[in-house]
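K.L.:
Dropping a structure here in structure tokens format, bear with me for questions.
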Amino acid sequence: MTNAPLLDGRPCRIANLFCIGRNFVAHAAELGNTVEPEPLVFLKPTSALLLEGAPIVLPGYSGDVHHECELVVLIGKGGDHIAEADALSHVAGYGIGLDLTARDVQNEAKAKGHPWTKAKGFRGAACVSALVPAARVADPQALTFSLKVNGEMRQLGDTSLMLFGVARLIAELSERYGLSDGDLIYTGTPAGVAALRPGDTLELTLTGLVSARWEVAA
């Protein structure tokens, strides 16, 4: 199966890519954004998926592509109007990933009131690690994750600090859009985003569960 992340060693078919913006207060503050009263949702095409081992190719139309390290959730059982109390039973796996963002392009689009797709949906803009079964995660709001660039710590995440937790995100996405088997949810990034440069090495860790590594094409 092409471009299929592995769940417990087996490839899984991916449906939609839901991404959540401004889900950590410190990250919203570092970009001068307000915190929203409900999850800020955007989509990426599945062609943006990039698995470990493939190089990150920065788009030629941007000079300011930022890394955003995030907990990624795989939906195993889709549905509509999923109750928050039942939401975690719909999760098949968890992983770590990158929501890459062409910040200069995004800022220009925001100023014009245009969509962010060019800034968020380019090829390779949705990096994802191998996934671990949901049964290995007792509480998704008790996880830590990190990103090192060239050996230097850039981002540290604690899921207890999410404005909207995993169960709430699943409930709201299913209410508004419906969720499908194989959907991925990129749950938002903590503070510390910064520009990537050709030749950078990125090391991502979902503590105690999975790690992944990417290199930016020179």
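K.L.:
Which numbered condition in (1) in contact (Cβ under 8 Å) with a residue 40 or more places away in the chain; (2) part of a helix (DSSP H, G or I); (3) over 14 Å from the mean Cα position of the chain (by Cα) is the only one that Gly182 fails?
P.N.:
(2)
K.L.:
Under 9 Å by Cβ, and 6 or more places apart or on different chains, what pairs join a residue from segment 200-216 that is in a loop (DSSP other than H, G, I, E, B) and charged (D, E, K, R) with one that is modelled with pLDDT of 95 or more and surrounded by fewer than 17 Cβ atoms within 10 Å (Cβ to Cβ)?
P.N.:
Hits for this filter: Asp200/Asn150; Asp200/Glu215.
K.L.:
Take segment 18-36 and flag every residue that is assigned to a loop (DSSP other than H, G, I, E, B), buried (at least 19 other Cβ atoms within 10 Å of the Cβ) and not charged (D, E, K, R). Steps first, please.
P.N.:
Step one: filter segment 18-36 for residues assigned to a loop (DSSP other than H, G, I, E, B), giving 22-24, 31-36.
This time we only want the ones that are buried (at least 19 other Cβ atoms within 10 Å of the Cβ), so: 22-24.
Across segment 18-36, the qualifying residues are Asn23, Phe24.
K.L.:
Here's a follow-up. For residues in segment 37-50 being assigned to a loop (DSSP other than H, G, I, E, B) and in contact (Cβ under 8 Å) with a residue 24 or more places away in the chain, which is farthest from Val137 (Cα to Cα)? Give the derivation first.
P.N.:
Step one: list which residues in segment 37-50 are assigned to a loop (DSSP other than H, G, I, E, B), which gives 37-39, 45.
Restricting the remaining residues to those that are in contact (Cβ under 8 Å) with a residue 24 or more places away in the chain gives 38-39, 45.
Working: Glu38: 25, Pro39: 23, Pro45: 27 Å.
Going through the qualifying residues, I end up with Pro45.
K.L.:
Sticking with this one: I need a count of the residues in segment 189-212 that are of a type outside the set (Val, Ile, Thr), touching an Asp or Glu at 6+ places or on another chain (Cβ under 6 Å) and at pLDDT 95 or above. Before the answer, list the steps.
P.N.:
Going residue by residue through segment 189-212, those that are of a type outside the set (Val, Ile, Thr) are 190-192, 194-200, 202-204, 206, 208-209, 211-212.
Then drop every residue that is not touching an Asp or Glu at 6+ places or on another chain (Cβ under 6 Å), which leaves 191, 195, 212.
Within this subset, residues satisfying the condition of being at pLDDT 95 or above are 195, 212.
Residues meeting the conditions: 2.
K.L.:
Now for a different question. Of Ala111, Ala92, Ala85, which residue is surrounded by fewer than 24 Cβ atoms within 10 Å (Cβ to Cβ) and in a strand (DSSP E or B)? Steps first, answer last, please.
P.N.:
Values: Ala111 fails: in a strand (DSSP E or B); Ala85 fails: in a strand (DSSP E or B).
Just a single option satisfies the conditions, and that option is Ala92.
K.L.:
Are any residues in segment 62-105 among the hydrophobic types (A, V, I, L, M, F, W, C), without any contact (Cβ under 8 Å) to a residue 60 or more places away in the chain and more than 24 Å from Leu204 (Cα to Cα), and if so, which ones? Break it down into steps so the answer makes sense when it comes.
P.N.:
Of segment 62-105, the ones among the hydrophobic types (A, V, I, L, M, F, W, C) are 65, 69, 71-75, 82-83, 85, 87-88, 91-92, 96, 98, 100, 102, 105.
If we keep only those that are without any contact (Cβ under 8 Å) to a residue 60 or more places away in the chain too, we end up with 102, 105.
Answer for segment 62-105, where residues must be among the hydrophobic types (A, V, I, L, M, F, W, C), without any contact (Cβ under 8 Å) to a residue 60 or more places away in the chain and more than 24 Å from Leu204 (Cα to Cα): just Val105.
K.L.:
Another one. Going residue by residue through segment 109-124, is there one that turns out to be at pLDDT 95 or above, in contact with a Gly (Cβ under 8 Å, 6 or more places away or on another chain) and small (Gly, Ala, Ser)?
P.N.:
No: segment 109-124 contains no residue that is at pLDDT 95 or above, in contact with a Gly (Cβ under 8 Å, 6 or more places away or on another chain) and small (Gly, Ala, Ser).
K.L.:
Tell me which of these Ala15 doesn't satisfy, since it passes every other one: (1) part of a loop (DSSP other than H, G, I, E, B); (2) under 15 Å from Arg123 (Cα atoms).
P.N.:
Among (1) part of a loop (DSSP other than H, G, I, E, B); (2) under 15 Å from Arg123 (Cα atoms), the lone unmet condition for Ala15 is (2).
K.L.:
Out of Gly188, Gly199, which single residue is surrounded by 16 or more Cβ atoms within 10 Å (Cβ to Cβ), out of contact with any Ser or Thr (no Cβ under 9 Å at 6 or more places or on another chain) and on the phi > 0 side of the Ramachandran plot?
P.N.:
On the way: Gly199 fails: surrounded by 16 or more Cβ atoms within 10 Å (Cβ to Cβ).
That would be Gly188, the only listed residue that is surrounded by 16 or more Cβ atoms within 10 Å (Cβ to Cβ), out of contact with any Ser or Thr (no Cβ under 9 Å at 6 or more places or on another chain) and on the phi > 0 side of the Ramachandran plot.
K.L.:
Kindly indicate which of Ala102, Ala111, Ala87 is within 24 Å of Arg176 (Cβ to Cβ) and among the hydrophobic types (A, V, I, L, M, F, W, C). Walk me through how you get there before you give the answer.
P.N.:
Values: Ala102 fails: within 24 Å of Arg176 (Cβ to Cβ); Ala111 fails: within 24 Å of Arg176 (Cβ to Cβ).
Result: Ala87 is the single residue among Ala102, Ala111, Ala87 that is within 24 Å of Arg176 (Cβ to Cβ) and among the hydrophobic types (A, V, I, L, M, F, W, C).
The values are calculated or read from the model by the stated rules, or taken from the named source; none is laboratory data. None of these values were measured; they are calculated from a predicted model. Here the Cβ is made from the backbone with ideal geometry for all residues, glycine too, and neighbour counts use every protein chain on show.
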